[in-house]
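**Q** Have a look at this one before I ask anything.
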Amino acid sequence: MVCKTIPCVSADFLTQAERNRAIDATSEGACTRHGLSVFSTYASCEHQQRAFSRLGRYIVRARLSAEHGMLAETPSTRNPRHHTWWPYLGVQREALFAAHEEQGGVG
Amino acid sequence: MNWNVDGEPIAPEWLGELAPVETLYEFDGPRIYVARVQNRPVIVYESDADDERAVRRLLVAPTNEKILDALKAGARSLLEALNQPWLHAVDQAFDHRVVAAWHLPKGLSSVPEPFKPVAGTLLSVELEQERRSNEPDSPSRAGFAPGVAVLQLYINTETIEKIPEAANKAPSPGKTEAPNPWPPHGSDTESSPPFH
């Protein structure tokens, strides 16, 4: 994921539902709006960072396991590495993520 | 919002709801997509968002099949796809109401760097990898086997519980925009057909 600050803050890990976005989503969108978009490769994150520099200059990573929530591959044609993570209640999301050591950052 | 618009206000009603008709890039919802304004295609890029005000700022530019095909093929960057004869900044509430809109006479140069794509960025990382492999000094072009591209697995998919197949489908298509009875904005650049 891409964050503005290190360490990450909880505001970087809010779902669309928690941001009151996509309130009229239907079908799969009604489900994915309660999850967070994550990528399985550094390259995908770095690309997202260049496409949307405002998201922040830091790429952070986590090793998610079953205790942290549910995960599904939610690829699209041009975003095959896209996953959606539905964190369990009580999971401190930002605490799971740390800066990726190889990054230079943009913007 | 995090950047001030240097532009001329236009009537928000002219733009309709800017409902996605084709999603080009998605994370936590569509972020780059095709919509229709006055029944003509536009490319929409989410430039900024303000959760407290429940508003996001969009960049809206005319597009056409040729531009979109080039974007999808990696022959045109995101910035190039947005760099068209006219550009609007549009503030859209999270409930899809367009609350403010401006024509940007200076185009993309009036948009601060963090709020537009970095120059050269293509639509997907796969297209960029393909571009690199086609460069003259690429190892694969020189006859060497390309290196293994796996950099890091960020999610341990072996240990996390997977969602059943039903959750893995492609996003649903955007809803159909209702006809907009309002006339276009009066300036020549907006009323003339810019879709070439």
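**Q** Taking the range A:43-55 as the search range and keeping residues that are open to solvent by 10 Å² or more (accessible area, probe 1.4 Å) and more than 7 Å from chain B (Cβ to nearest Cβ), which one is farthest from B:Pro114 (Cα to Cα)?
**A** By that ranking, first place goes to A:Glu46.
**Q** Does B:Ala89 meet the test of being modelled with pLDDT of 95 or more, in contact with a Gly (Cβ under 8 Å, 6 or more places away or on another chain) and in a strand (DSSP E or B)? Give the derivation first.
**A** On the way: modelled with pLDDT of 95 or more: yes; in contact with a Gly (Cβ under 8 Å, 6 or more places away or on another chain): yes; in a strand (DSSP E or B): yes.
Against the criterion (modelled with pLDDT of 95 or more, in contact with a Gly (Cβ under 8 Å, 6 or more places away or on another chain) and in a strand (DSSP E or B)), B:Ala89 qualifies.
**Q** Then there's this: Of all residues in the range B:82-121, count the ones that are of a type outside the set (A, V, I, L, M, F, W, C) and closer than 30 Å to A:Arg33 by Cβ. Full working, then the answer.
**A** Filtering the range B:82-121 for residues of a type outside the set (A, V, I, L, M, F, W, C) gives B:83-85, B:88, B:91-92, B:95-97, B:103, B:105-107, B:109-110, B:112-114, B:116-117, B:120-121.
Of the ones still in play, those that are also closer than 30 Å to A:Arg33 by Cβ are B:88, B:91-92, B:95-97, B:112-114, B:116-117, B:121.
Qualifying residue count, the range B:82-121: 12.
**Q** Something else: Among the residues of the range B:26-47 satisfying the criterion of being out of contact with any Leu (no Cβ under 9 Å at 6 or more places or on another chain) and among the charged types (D, E, K, R), which is surrounded by the fewest Cβ atoms within 10 Å (Cβ to Cβ)?
**A** Per the criteria, the residue is B:Arg40.
**Q** Quick check on the range B:37-52: of everything there that is within 14 Å of chain A (Cβ to nearest Cβ) and touching a residue at least 12 places away in the same chain (Cβ under 8 Å), which residue is nearest to A:Leu14 (Cα to Cα)? Before you say what the answer is, go through the steps one by one.
**A** Within the range B:37-52, the subset within 14 Å of chain A (Cβ to nearest Cβ) is B:43-52.
Filter once more, keeping what is touching a residue at least 12 places away in the same chain (Cβ under 8 Å): B:43-48, B:50.
Working: B:Ile43: 26, B:Val44: 23, B:Tyr45: 21, B:Glu46: 17, B:Ser47: 18, B:Asp48: 16, B:Asp50: 13 Å.
In this case the residue turns out to be B:Asp50.
**Q** So, one more: Exactly one condition in (1) within 26 Å of B:Trp3 (Cα to Cα); (2) in contact with a strand residue (DSSP E or B) (Cβ under 9 Å, 6 or more places away or on another chain); (3) acidic (Asp, Glu) is not met by A:Glu18; state its number.
**A** (2)
**Q** A follow-up question, please. Would a scan of the range A:17-40 turn up a residue that is crowded, with 19+ Cβ neighbours inside 10 Å and over 30 Å from B:Glu17 (Cβ atoms)?
**A** The answer is yes, given that some residue of the range A:17-40 is crowded, with 19+ Cβ neighbours inside 10 Å and over 30 Å from B:Glu17 (Cβ atoms).
**Q** Given the criteria at pLDDT 95 or above, among the acidic types (Asp, Glu) and open to solvent by 10 Å² or more (accessible area, probe 1.4 Å), does B:Glu126 qualify?
**A** No, not satisfied.
Condition check ((1) part of a helix (DSSP H, G or I); (2) basic (Lys, Arg); (3) more than 25 Å from B:Gln129 (Cβ to Cβ)) across all residues:
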residue: B:Val5; (1), (2), (3): no, no, yes
residue: B:Glu13; (1), (2), (3): yes, no, yes
residue: B:Pro20; (1), (2), (3): no, no, yes
residue: B:Pro41; (1), (2), (3): no, no, yes
residue: B:Asp48; (1), (2), (3): no, no, yes
residue: B:Glu80; (1), (2), (3): yes, no, no
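The values are calculated or read from the model by the stated rules, or taken from the named source; none is laboratory data. None of these values were measured; they are calculated from a predicted model. Positions of Cβ are backbone-derived with ideal geometry, glycine not excepted, and every protein chain shown enters the neighbour counts. For accessibility, only protein heavy atoms count, side chains too; no ligands or nucleic acids. Shrake-Rupley method; radii C 1.70, N 1.55, O 1.52, S 1.80 Å.
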